[in-house]
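Peer 1: Below is one structure. I have some questions about it.
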Amino acid sequence: MEQPPGFKDLIFPHHVCRLKKALYGLKQAPKAWFHKFSSFLLHLGFSCSKADPSLFVLHSSKGTLLLLLYVDDIILTSNHSSLINILIQLISSKFAMKDMGDLHYFLGIKATLTKDGLFLSQHKYALDILQRTNVLAARPLNTPLSQKHALHDPTGALVDASEYRSIVGALQYLTLTRPEISHSVNLLCQFMQSPTEVHWSGVKRVLHYIAGTSQLGLRISAQSSLNLVGFSDADWAGCPLSRRSTSGLCVFLGSNCISWSSRKQNTVAKSSAEAEYRSLASLAAEVTWVTYILKDIGISLSQPPVLFTDNISALHLRPNPVLHARTKHVELDYHFVREKVVQGAMVTKFIPSMSQVADILTKPLSKFQFQSHRTKLGVVQIPHSSLRGC
């Protein structure tokens with residue numbers, strides 16, 4: 001401890017104030033900790049990723065070292081094990097730390113090494129939600145959302161908003177390894193202000209679906225290629241209250257789904273082509289961010305990323321240099337996607353609606369379509385070797 005600038009006592013330069021409250025927990029504590037720890041890493045030769053400030057990368061003649069920081073939780077990985085041991089010793093000499101060994105749990109997500117890669121799951125977290133809501137032994141359902149749901153019905157008695165927000169917020173964290181429920185949870189999040197019994201029934205349906213699929217998780221294959229592919233879809237005017245469309249996108253690195261999103265668009269789309277094109281622009285922005293991450297890590301793509309959409313009209317807008325009256329108001333999205341394609345940074349292609357993986361992120365589907373797209377996203381059962389202790 002030392003006296004702060006501007007309040008130094010010249011008579012007692014080594015005296016400090018006696019703290020009556022611990023520094024840990026103050027609002028500025030995380031920022032101060034991150035500044036101190038990041039300065040230490042930068043001094044060691046790390047560089048901070050421009051796309052993700054919590055990712056630090058060190059390239060050396062021995063190999064590459066990656067450090068991911070979340071407050072005081074750290075993940076280390078490298079293509080040379082000696083680099084990890086050296087860094088752990090350096091950090092231990094400066095900070096009080098505990099080496100937890102190989103990655104098992106991180107922020108409630110269990111990581112299990114398999115024969116062909118990694119398996120990420122939140123099985124225990126899902127069981128905690130079910131036990132908390134007394135739905136652990138409930139009758140399981142095949143889909144998290146009915147095709148003819150009534151969530152947009154404004155009528156119905158109000159329910160406890162605090163409990164509703166708590167459960168939906170917990171489900172939102174579960175989407176970190178369960179992309180197939182992203183659309184359902186995103187839809188439920190739109191009624192946080194005044195939830196009714198209809199919305200609470202929607203929450204119960206999602207919980208019943210989780211009760212039968214709590215052992216599902218995200219598969220990450222090590223044998224995958226490094227080709228970047230994205231899928232975008234939109235449900236035109238899907239919201240009967242605001243008539244805004246829902247955008248869905250997912251990004252694959254080879255066969256691994258590494259990013260996904262389901263959200264309502266900011267403005268009303270005047271046509272299905274406009275809704276699809278806005279979704280395509282969001283996908284282009286997400287793919288651009290992923291390429292920056294890969295570039296910081298040191299991975300170069302052998303070919304431009306491919307963006308798939310199932311709307312031919314939106315696909316034809318991309319190479320057309322003329323802004324028509326019906327597309328003038330989408331000028332920014334139009335120029336963003338077109339510029340990426342002209343530069344050769346991305347390629348847009350058509351895909352049939354039945355093969356559109358992002359369809360699961362925009363609307364409720366039938367049992368067969370839902371399970372088919374869920375498998376394509378890489379959401380599978382927990383490997384038998386990891387059932388113990390999960």
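The values are calculated or read from the model by the stated rules, or taken from the named source; none is laboratory data. Worth saying up front: this structure is predicted, and the values here are computed from it rather than measured. Counting neighbours? That spans all protein chains shown, and the Cβs are built from the backbone with ideal geometry, glycine included. With ligands, DNA and RNA removed, areas are computed over all heavy atoms of the protein, side chains included. Shrake-Rupley method; radii C 1.70, N 1.55, O 1.52, S 1.80 Å.
Peer 1: Keeping to region 26-49, report how many residues are touching a residue at least 60 places away in the same chain (Cβ under 8 Å) and open to solvent by less than 30 Å² (accessible area, probe 1.4 Å).
Peer 2: Going residue by residue through region 26-49, those that are touching a residue at least 60 places away in the same chain (Cβ under 8 Å) are 47, 49.
When the remaining residues are screened for being open to solvent by less than 30 Å² (accessible area, probe 1.4 Å), the result is 49.
The qualifying residues number 1.
Peer 1: Tell me which residues, restricted to region 215-244, are over 20 Å from residue 364 (Cα atoms) and assigned to a loop (DSSP other than H, G, I, E, B).
Peer 2: 215, 222, 223, 224, 225, 226, 227
Peer 1: Residue 226 passes all but one of (1) touching a helix residue (DSSP H, G or I) at 6+ places or on another chain (Cβ under 7 Å); (2) modelled with pLDDT under 95; (3) hydrophobic (A, V, I, L, M, F, W, C); which number fails?
Peer 2: (1)
Peer 1: Using the structure shown, decide if residue 158 is surrounded by 16 or more Cβ atoms within 10 Å (Cβ to Cβ), over 24 Å from residue 71 (Cα atoms) and more than 19 Å from the chain's Cα centre (by Cα).
Peer 2: Values: surrounded by 16 or more Cβ atoms within 10 Å (Cβ to Cβ): no; over 24 Å from residue 71 (Cα atoms): yes; more than 19 Å from the chain's Cα centre (by Cα): yes.
Here the answer is no, as residue 158 does not meet what is asked.
Peer 1: State yes or no: is residue 201 in a helix (DSSP H, G or I), open to solvent by 20 Å² or more (accessible area, probe 1.4 Å) and not hydrophobic (A, V, I, L, M, F, W, C)? Quick ask: steps written out before the conclusion?
Peer 2: Working: in a helix (DSSP H, G or I): yes; open to solvent by 20 Å² or more (accessible area, probe 1.4 Å): yes; not hydrophobic (A, V, I, L, M, F, W, C): yes.
Spelling it out, residue 201 is indeed in a helix (DSSP H, G or I), open to solvent by 20 Å² or more (accessible area, probe 1.4 Å) and not hydrophobic (A, V, I, L, M, F, W, C).
Peer 1: I need the full set of residues from region 50-75 which are open to solvent by less than 50 Å² (accessible area, probe 1.4 Å), more than 18 Å from residue 106 (Cβ to Cβ) and of a type in the set (Ser, Thr, Tyr), in order please.
Peer 2: 64
Peer 1: Restricting to region 206-223, and then to whatever is open to solvent by less than 30 Å² (accessible area, probe 1.4 Å) and in contact with a strand residue (DSSP E or B) (Cβ under 7 Å, 6 or more places away or on another chain), can you tell me which residue is nearest to residue 143 (Cα to Cα)?
Peer 2: Taking region 206-223 as the starting set, the residues that turn out to be open to solvent by less than 30 Å² (accessible area, probe 1.4 Å) are 206-207, 209-211, 213-214, 216-218, 221.
Applying the additional criterion that residues be in contact with a strand residue (DSSP E or B) (Cβ under 7 Å, 6 or more places away or on another chain) yields 216-218, 221.
Working: 216: 13, 217: 16, 218: 17, 221: 26 Å.
Residue satisfying both the conditions and the ranking: 216.
Peer 1: Right, something else. Given the options 201, 221, 214, name the one that is out of contact with any helix residue (DSSP H, G or I) (no Cβ under 9 Å at 6 or more places or on another chain), of a type outside the set (D, E, K, R), in contact (Cβ under 8 Å) with a residue 40 or more places away in the chain and closer than 30 Å to residue 127 by Cα. Lay out the reasoning, then the answer.
Peer 2: Working: 201 fails: in contact (Cβ under 8 Å) with a residue 40 or more places away in the chain; 214 fails: out of contact with any helix residue (DSSP H, G or I) (no Cβ under 9 Å at 6 or more places or on another chain).
Within the list 201, 221, 214, the selection yields 221.
Peer 1: Check residue 9 against each of (1) exposed (fewer than 13 other Cβ atoms within 10 Å of the Cβ); (2) closer than 30 Å to residue 293 by Cα; (3) touching a His at 6+ places or on another chain (Cβ under 9 Å) and name the one condition it does not meet.
Peer 2: (2)
Peer 1: Here is a follow-up. Considering only residues that are open to solvent by less than 30 Å² (accessible area, probe 1.4 Å) and either closer than 12 Å to residue 360 by Cα or over 22 Å from the mean Cα position of the chain (by Cα) (or both), look in region 373-389 and name the one that is modelled with the lowest pLDDT. Step through it out loud before you land on a result.
Peer 2: Going residue by residue through region 373-389, those that are open to solvent by less than 30 Å² (accessible area, probe 1.4 Å) are 373, 377-379, 382, 386.
Restricting the remaining residues to those that are either closer than 12 Å to residue 360 by Cα or over 22 Å from the mean Cα position of the chain (by Cα) (or both) gives 373, 377, 386.
Numbers: 373: 94, 377: 93, 386: 52.
Only one residue fits best here, namely 386.
Peer 1: Still on this structure, I have one more. Identify the residue in region 162-198 that is open to solvent by 50 Å² or more (accessible area, probe 1.4 Å) and of a type in the set (S, T, N, Q) and, among all such residues, is farthest from residue 119 (Cα to Cα).
Peer 2: Looking at residues that are open to solvent by 50 Å² or more (accessible area, probe 1.4 Å) and of a type in the set (S, T, N, Q), I get 194.
Peer 1: Oh, and also: Is there a residue being farther than 28 Å from residue 140 by Cβ and in contact (Cβ under 8 Å) with a residue 60 or more places away in the chain anywhere in region 256-265?
Peer 2: Going residue by residue through region 256-265, those that are farther than 28 Å from residue 140 by Cβ are 258-259, 264-265.
Adding the requirement that they be in contact (Cβ under 8 Å) with a residue 60 or more places away in the chain leaves 264.
Yes, region 256-265 contains at least one residue that is farther than 28 Å from residue 140 by Cβ and in contact (Cβ under 8 Å) with a residue 60 or more places away in the chain.
Peer 1: Identify all residues within region 353-375 that are in contact with a strand residue (DSSP E or B) (Cβ under 6 Å, 6 or more places away or on another chain) and not β-branched (Val, Ile, Thr); write none if there are none.
Peer 2: Our first condition is that a residue be in contact with a strand residue (DSSP E or B) (Cβ under 6 Å, 6 or more places away or on another chain); within region 353-375, this holds for 356-359, 361-363.
Of everything in region 353-375, those that are in contact with a strand residue (DSSP E or B) (Cβ under 6 Å, 6 or more places away or on another chain) and not β-branched (Val, Ile, Thr) turn out to be 356, 358, 359, 361, 363.
Peer 1: Which residues, counting only those in region 358-372, are within 20 Å of the chain's Cα centre (by Cα), more than 13 Å from residue 145 (Cα to Cα) and open to solvent by 10 Å² or more (accessible area, probe 1.4 Å)?
Peer 2: Selection gives 359 alone.
Peer 1: Return yes or no: is residue 207 under 20 Å from residue 381 (Cα atoms) and in a helix (DSSP H, G or I)? Working first, answer last.
Peer 2: Details: under 20 Å from residue 381 (Cα atoms): yes; in a helix (DSSP H, G or I): yes.
Answer is yes for this residue.
Peer 1: Restricting to strands (runs of 3 or more DSSP E) lying wholly in region 245-319: which have 3 or more residues that are among the aromatic types (Phe, Trp, Tyr), at pLDDT 90 or above and open to solvent by 30 Å² or more (accessible area, probe 1.4 Å)? Quick ask: steps written out before the conclusion?
Peer 2: Working: elements: 246-253, 256-264, 306-309.
Per the criteria, no element qualifies.
Peer 1: Does residue 340 satisfy the condition of being assigned to a helix (DSSP H, G or I), at pLDDT 90 or above, of a type in the set (Lys, Arg) and more than 27 Å from residue 181 (Cα to Cα)? Show your work before the answer.
Peer 2: Values: assigned to a helix (DSSP H, G or I): yes; at pLDDT 90 or above: no; of a type in the set (Lys, Arg): yes; more than 27 Å from residue 181 (Cα to Cα): yes.
No: the conditions fail for residue 340.
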